[in-house]
1. Which numbered condition in (1) part of a helix (DSSP H, G or I); (2) buried (at least 22 other Cβ atoms within 10 Å of the Cβ); (3) touching a helix residue (DSSP H, G or I) at 6+ places or on another chain (Cβ under 7 Å) is the only one that A143 fails?
2. Out of the residues in the stretch 42-72 that are farther than 13 Å from G271 by Cβ, of a type outside the set (G, A, S) and assigned to a loop (DSSP other than H, G, I, E, B), which is farthest from the chain's Cα centre (by Cα)?
3. Considering only the stretch 79-95, I want to know if a residue exists there that is of a type in the set (A, V, I, L, M), over 30 Å from G271 (Cα atoms) and either buried (at least 23 other Cβ atoms within 10 Å of the Cβ) or assigned by TED's automatic domain parsing to the domain that holds V25 (or both).
4. Output the number of residues of the stretch 240-263 satisfying the condition of being touching a Leu at 6+ places or on another chain (Cβ under 8 Å) and either crowded, with 24+ Cβ neighbours inside 10 Å or within 15 Å of S44 (Cβ to Cβ) (or both).
5. When both residues are 6+ apart or on different chains and their Cβ atoms are under 7 Å apart, which pairs have a first residue that lies in the stretch 217-236 and is under 14 Å from L120 (Cα atoms), and a second that is in a loop (DSSP other than H, G, I, E, B) and β-branched (V, I, T)?
6. So which of T65, T42 is β-branched (V, I, T), surrounded by 13 or more Cβ atoms within 10 Å (Cβ to Cβ), free of Cβ contacts under 8 Å to residues at least 24 places away in the same chain and more than 21 Å from K150 (Cα to Cα)?
7. Could you say whether any residue in the stretch 65-73 is farther than 21 Å from T234 by Cα, touching a Phe, Trp or Tyr at 6+ places or on another chain (Cβ under 6 Å) and in the same structural domain as T119 (by TED's automatic domain parsing)?
8. Select from the stretch 1-39 the residues that are assigned to a helix (DSSP H, G or I) and among the small types (G, A, S) and write down the one among them that is surrounded by the fewest Cβ atoms within 10 Å (Cβ to Cβ).
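The values are calculated or read from the model by the stated rules, or taken from the named source; none is laboratory data. Quantities reported herein were computed from a predicted structural model and do not represent experimental measurements. Note that each Cβ is placed from the backbone with ideal geometry, even for glycine, and that neighbours are counted across all protein chains shown.
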Amino acid sequence: MSVMLISDSACDMSQQEASALGVTVMPLKTVIDGVEYLDGVTISTEEFYDKLEHCTALPTTSQLTPAEFGDVLRPIAARGDEAVIITLAGKLSGTCQSAHIAAAEYPGRVWVVDSGSVTLGQCILLRYAIRLRDRGLSGGEIAAELERIKGRVRLLARVDTLEYLVKGGRLSRTAGFAGTVLHIKPVLSVQDGEIKVLGKARGSRQSDNMLTEFIRSSGGVDFSLPVMLGFSGTDDALLRGYIENSKSLWEGHLPELPVTMIGSTISTHAGPGAIGAAFFAKT
């Protein structure tokens, strides 16, 4: 009997990597100017950013349905295997509820874990689940361990532009204009499925420093568990600059820092130029 790991594409793990790691990543739907795309399947992250720059209205995403989860779960159950589904935060999407509805048909065989996070934070929880699966834990054991540890997941990011927060209605136009004039680059976190502003810095260097300080004060990085850095847009220059500025935080702990592109679920609101880090806090 095998344990199959399933996630939605908000985790920002590519289909190629997911296939190599034996994980199923189900694509969320992204609607851009009335055209629906399957995230990471019929539109790449690079293509998404190109369309984000030129679209007439802010893109939207739609949740996965119970039927879509059912289509994935039926062959798994038919083989006699188990499944653990790791979703983006239930407070951010109805995808988690859809997974619960589908899983209810397979009691004791399918478990659903609300990551309480998204993008990089969701991804490191999925990567930890892969470690547990490869150690031979059962589906129930994996789900229980993820529930135990997910409160230690930290996802912090700094935004380079306020334009998309204004377009998405998360920031008033007046505040957005004032912040742009003052070169404000807020530092954000995702806590218990909610996006929160931790601080507002003026300029990239101050914002980088603030992000580093919040990482240090968030319980310390447990380098024995997955760590992930990410950037939005197609240019990683801002992230490379940040890594150089904060190298004392990372040096000597990992042979290299895992980096990924942040996809449509968050970037629709953060815009290009955002950088983020996800890790498990020591405490």
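1. For A143, the exception is condition (3).
2. Residue satisfying both the conditions and the ranking: T56.
3. Here is the first cut: in the stretch 79-95, the residues of a type in the set (A, V, I, L, M) are 83-86, 88-89, 92.
Keeping just the survivors that are over 30 Å from G271 (Cα atoms) gives 83-84.
So of that shortlist, the ones also either buried (at least 23 other Cβ atoms within 10 Å of the Cβ) or assigned by TED's automatic domain parsing to the domain that holds V25 (or both) come out as 83-84.
The answer is yes, given that some residue of the stretch 79-95 is of a type in the set (A, V, I, L, M), over 30 Å from G271 (Cα atoms) and either buried (at least 23 other Cβ atoms within 10 Å of the Cβ) or assigned by TED's automatic domain parsing to the domain that holds V25 (or both).
4. 3
5. Close Cβ pairs (under 7 Å, with a partner that is in a loop (DSSP other than H, G, I, E, B) and β-branched (V, I, T)) amount to G230/I262; F231/I262; S232/I262.
6. Only one candidate qualifies: T42.
7. So in the stretch 65-73, the residues farther than 21 Å from T234 by Cα come out as 65-73.
Still in the running and touching a Phe, Trp or Tyr at 6+ places or on another chain (Cβ under 6 Å): none.
Taking every residue of the stretch 65-73 in turn, none turns out to be farther than 21 Å from T234 by Cα, touching a Phe, Trp or Tyr at 6+ places or on another chain (Cβ under 6 Å) and in the same structural domain as T119 (by TED's automatic domain parsing).
8. Only one residue fits best here, namely A20.
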